[in-house]
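Laboratory data are not the source of any read-out in this text; all were calculated from the coordinates shown. These numbers were taken from a predicted model, which means no experiment stands behind them. Reconstructed Cβ throughout: ideal geometry from the backbone, glycine too, with neighbour counts over all protein chains shown.
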Amino acid sequence: MSIYIAGTGSYLPERILTNADLEKLVDTSDEWIRVRTGIEERHLAARDQSSGDMAKIAAERALEAAGISGADLSAIIVASTTPDYTFPNTACLLQHALGCRPILCYDLSAACSGLLYSLENATSLMRANKKYRYVLVCGAEKLSGIVDWSDRNTCVLFGDGAGAFVLENRDGGDDHLPVSCLGANGSYSDTLKLPAGGSRNPASFETVEKRMHYIKMEGRETFKLAIKAMVESSNQVLTDSGVSPDQVALVIPHQANRRIIQAVAQRLTVPPDRVFDNVNRYGNTSAASIGIAFDDAVRSGRLKRGDLVLLTSFGSGLTWGAMLFRY
Ligand code: UT7
């Protein structure tokens, strides 16, 4: 049996926030943001629009691309740092919204690596049990709700959106892909976190007053660790699969910062035109970023059926990983 990406979809909310708009909010400049991050604009969800709402549209597009309906799915996994609720999980909300059977539905928390972790989960389920024929994997984020719009260190970086994959387990194939290498190191858990809202610091007047419900990040430290982790996990995947960098049609890294993307490409010795980069348009959409980028690559013709594509990501936890698929 082989696991294929049967269809992809993505959704970006209508409202666009440009660097010029941010200049009016905090002490920053279009030049600083472009030079340090490569970001020019990002999309923001409407006030009443949740991560689940965005995931639903991305999922419908992925189902359409795969030529199946919600009723054909056998599991849903949603990766998000900004789920609709702590509980119920967003995957259950999608199950209902997409008209699915009463199938396995769960959310997975691994921040920006959440989509890769979920793809690993999905492919493992599918390999273990043939009843999981079609699995929907979504990454969806409304980061605008947890960004401190008075903190220039973080508010210029993030955006909202959703990306989705429909994976299919087909009989008769003999492809050993996907091959993956995923990891984590919790000793860096303070580097990037949302300090309150969980059981450590439940929501209170004090946590709100101290602005603890917003993203806190040590940018420079995160930057260095991101490059190292993505390069090492990608190289491990290439070694384990016996694939050389020149056989990879496209590398799709987590879209956090153009300088990180370029440094990873350089160290992997992949030509720049084979590294996907749309961070200028969407900023960092955390767990959604690889799904949005993949769908962008498919719909713009950058990825063709049969191509080898290397995904790599990095995020809070710290978590990271790489996966090699045949599209
Ligand atoms: O999704 C995965 C998790 N996140 C990431 O991958 C983010 C990783 N880190 C980064 O992308 C970069 O570290 C940043 C873009 C966040 C920052 O870039 P940097 O080159 O590492 O800058 P820095 O943090 O070293 O700051 C340099 C200067 C500082 O001023 P001083 O201390 O040198 O006077 C900052 O206060 O730039 C200042 N600065 C800004 N200036 C204008 C920080 N943010 C801004 C801003 N506009 N928005």
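A few remarks follow.
- Across M212, M230, M54, mean-square fluctuation computed from a Gaussian network of the chain (C-alpha pairs under 10 Å connected) peaks at M212.
- Sparsely packed loop sites in the range 1-52 (the trypsin sites (Lys or Arg not before Pro) outside DSSP H, G, I, E and B with at most 16 other Cβ atoms within 10 Å) comprise K24, R47.
- Greater than 20 Å apart at Cα, pairs in K142/K216; K193/K224; K56/K130: K56/K130
- Computed [θ] at 222 nm, deg cm²/dmol, the chain (DSSP H ≥ 4; -39,500 (n - 2.57); rounded to nearest 500): -10000 deg cm²/dmol
- About its Cα centre, the chain has a charge dipole of approximately 360 debye under the convention of +1 per Lys or Arg Cβ and -1 per Asp or Glu Cβ, with nothing else charged.
- Positive-pole candidate from L303, P202, P83, dipole of the chain, charges at beta carbon: L303
- Within the range 243-274: backbone nitrogen closer than 13 Å to the R299 label point (7 Å, Cα to C-beta): none
- Placing pseudo-labels 7 Å out from each Cα toward the beta carbon at H96 and S204 gives an inter-label distance of 3.3 nm.
- DSSP beta bridges fully contained in the chain are about 70 percent antiparallel.
- Subtracting the Cα-Cα distance of E232 and D48 from 0.36 nm times their residue separation leaves 62.2 nm of extension gain.
- Rg(Cα)/(2.2 N^0.38 Å) for the range 179-326, N = residue count: 1.15
- Largest-first ellipsoid semi-axes for the chain, taking √(5λ) over the Cα gyration tensor eigenvalues, angstrom: 29, 24, 18
- Under the convention that each Lys and Arg Cβ holds +1 and each Asp and Glu Cβ holds -1, the size of the dipole of the range 1-58 around its Cα centre is about 240 debye.
- Computed from label points 7 Å out along Cα-Cβ, the spacing between Q247 and S109 is 3.9 nm.
- Counting 0.36 nm for each residue step from N153 to R127 and taking away their Cα separation leaves a gain of 5.1 nm.
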